[in-house]
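The numbers here are math on the coordinates, done by the rules we state, and not lab data. Quick caveat: nothing in here was measured; it's all calculated off a predicted structure. For neighbour counting, all protein chains shown are included, and Cβ atoms are generated from backbone atoms with ideal geometry for every residue, glycine included.
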């Protein structure tokens, strides 16, 4: 399970904490752009890491990398624990960028390691969700948890040569596009809740619900491969559309659960096709969905035009249903 936790701490803990902090405290436009520049920097680093030839899991790299990640997380989180988000602090951006770089590299390190037992993935997703419970009182504590996971990994991971340096890409499948878009839409949907609550940290409860639902969906996707993914993504799309008709639905627990199903089913689908390395793509789409939710929240005049976001998903769903009827699961 620790391998999946190490992989998922970047999208589910670090990126979500970053977007939640920016969205909840409504930073100024100029400073806000620097936070999103941070995400772009991490996106470039992500692409470079996909092309790496050096094994991150070698002891000479993994040990200092994980120790640095733990120290950076503690360094960045300390003033945030009982203090407040410093909306105009450049040093805070520097600290969070350092945490992000270490977190992303640790996530890529996990792709070189064997995936673990049968229930390792659903367990890791569920634990990631439960780690958001303290955020009801300490909203950004998952930043610290991301570092602690890296510290724990030092003691539990076999850090000498296992998988290839370059993480395997998911094998071609009929539902790859559908799964990626489903994760993107889930990030966008959950992001709406965070932006709506703002400084009221009750949005953490919705993250817990979403990730527990995601853990359940990983099990469903294993029992009903392909079909569970189609159903889960369809529910997430309906959840997103419902918020356009009923604005208060964004605060309902069912809203979080509907989005969480798409996360879990997509993660299980890519894990089945590409192993732990196959989860890198969904992680990037989750981050993109959360970031876009911030932009949409700041430009409410877009209004009903947000429905266009679902159009590509409807096309992907239609194709997936047709291929399922014709040839079953890919």
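Based on the Cβ-Cβ distance of residue 246 and residue 138, what FRET efficiency does E = 1/(1 + (r/R0)^6) give at R0 = 51 Å, to the nearest 0.05? Write down the numbers at each step before the final one.
Details: r = 31 Å, r/R0 = 0.62.
My answer for the efficiency is 0.95.
Which order do peptides 10-19, 212-221 fall in by mean Cβ count within 10 Å, highest first? Don't jump to the answer; show the numbers that get you there.
On the way: 10-19: 26.5, 212-221: 23.6.
Answer by packing, highest mean first, reads 10-19, 212-221.
An ellipsoid equivalent to the range 55-108, defined through the eigenvalues of its Cα gyration tensor, has semi-axes of 26, 10, 7 Å when rounded to whole angstrom and sorted largest first. With one equal scatterer per alpha carbon and no solvent term, the Debye-computed log10 I(q)/I(0) for the range 188-255 at 0.14, 0.15, 0.22, 0.25 1/Å reads -0.45, -0.51, -0.94, -1.10.
Most tightly packed first, judged by the mean number of other beta-carbon atoms within 10 Å of their residues, the peptides 60-68, 235-243 read 235-243, 60-68.
The packing ranking, built from the mean of other Cβ atoms within 10 Å per residue, places the peptides 140-153, 252-265, 36-49 in the order 252-265, 140-153, 36-49, highest first.
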